[in-house]
Amino acid sequence: MSKPENAVLDATERLFLERCGDEVLASANAGSWSGEFWDELAAFGLPMALVSEDQGGLGLSMGDAYGIAQLCGQFAVPLPVVETMLANWLLTLAGLPARDGPQCLLFEGLSVINPTGGRRLVGTCPTVPWGRNCAPVAWVQDAELSYVVALDKSQGEVAEGINIANEPRDALTIDADMTGQNVAVCAVDPALTERCAALRCVQMAGAMATIGEMSIAFAMEREQFGRPLAKFQAIQQSLAVLAEQVALASVAAQMASGAVSASSVQTLAIASAKARVGEAAGDVAATAHQVHGAIGFSEEYRLHYFTRRLWSWRDEFGNETSWFEQIGRAIAKAGPDRLWSELTEI
């Protein structure tokens, strides 16, 4: 990572430290859209992180932008920052102009129909992150062509929903014209499932790092029977397990971010990372709540902002079972003579 990109990450971390506190998290948890916070992030340029500088963006590489995603997880940022970064990357990949407003990606449940008068994009996309607040960017295949479509918020009918963390996960029903300047043919498969899975990996690793720090600090400060919890062997063992899983998640997230570039993805590496990070998420959340005891389940204490996101994110863009099945099918297809080489190449 170059020095300018380090400066971007340092400045992003300072911004999150100053602005993404308990008040913002509690407001988002109650269902409010953090519009003022989003405006600050947009003014800083985060939605345009993957857009080239000559197009008004920050010009970060795909791998370096994942550092921003990790910070979003580390601070439980309750806004579609990573989704908008990737949506703008997709728009510019197809030759369409980027947008600095909040955006969501649609790439499941859509199809192209050809009624009299031209093509239309139709379908329903389930569990879209922040769908009610965002302008959609759709990717859809039709025969041998694939299209990117920049939609307005008014072009989608929203059925609101939430995940365990109270983040919006809405169903968007689309019926939109595809004959205007908002449509472009995409020359390559953008591999959106893999890219989104990798983003969730690094977000989850960031959240787990915060959970680990909170658990250690709590055990050092909280006293029982006249001494800190951290002095009890059972608590020390739990903290050791937690630290191990946080470290494993960090390594897996690094593998996921390294498996992604602007032009390609390494599917099996991302599959391995998402599955391993998902397993770690369950262990980290459970162990952190054991260490914290009853206070960890209280709404006033901030631990739940991170653990509930872990429980939600581990199922998004493929859970452990689906990714392990994909790895198994790929290795079986390669044949027994390729077993060791396939495993070591991941």
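Every number in this text was worked out from the coordinates using simple rules, so none of it is lab data. Because the structure is a prediction, the values reported are computed rather than measured. Ideal geometry is used to build each Cβ from the backbone, glycine not excepted, and the neighbour counts take in all protein chains shown.
Our estimate of slack between GLU223 and VAL185, defined as 0.36 nm per intervening residue step minus the Cα-Cα distance, is 7.5 nm. Eigen-decomposition of the gyration tensor built on the alpha-carbon atoms of the stretch 209-346 gives equivalent ellipsoid semi-axes of 36, 15, 12 angstrom, largest listed first. Taking all Cα pairs closer than 8 Å and separated by 6 or more residues, the relative contact order of the chain comes to 15 percent. Of (1) 26, 42, 22, 6, 4, 0; (2) 29, 56, 14, 1; (3) 32, 55, 12, 1, which one was derived for P(r) over Cα pairs in 20 Å bins from 0, in percent from the structure shown? Label (2) holds the value from this structure. Within the shell of other residues whose beta carbon sits under 11 angstrom from the beta carbon of ARG119, the net charge comes to -1, with Lys and Arg scored +1 and Asp and Glu -1.
Near the amide H of LEU106, within less than 5 Å, lie the amide hydrogens of VAL137, ALA138, TRP139, all on another chain or at least 5 residues away, with H placed in the peptide plane.
A protection proxy built from the mean count of other Cβ atoms within 10 Å ranks the segments 154-161, 262-269, 84-91, most packed first, as 84-91, 262-269, 154-161. Could you tell me the distance between the Cα centroids of the stretch 131-159 and the stretch 30-73, to the nearest Å? A separation of 20 Å, based on Cα centres. By the helix-only formula, in which each DSSP H run with n ≥ 4 contributes -39500 (n - 2.57) and the sum is divided by residues, the chain has a 222 nm mean residue ellipticity of -17000 deg cm²/dmol.
From the largest down, the stretch 3-185 spans 54, 38, 22 angstrom on the principal axes of its Cα atoms. Cysteines of the chain lacking any other cysteine Cβ under 4.7 Å from their own Cβ: CYS20, CYS72, CYS125, CYS186, CYS196, CYS201. Highest average first, the peptides 140-149, 206-215, 44-53 ordered by how many other beta carbon atoms sit within 10 Å of their residues are 206-215, 44-53, 140-149. Subtracting the Cα-Cα distance of LEU339 and ARG302 from their residue separation scaled by 0.36 nm leaves 8.9 nm. Could you compute the net charge surrounding GLU325? Neighbours are other residues with a C-beta less than 14 Å from the C-beta of GLU325; K and R count +1, D and E count -1. With Lys, Arg at +1 and Asp, Glu at -1, the neighbours total +2.
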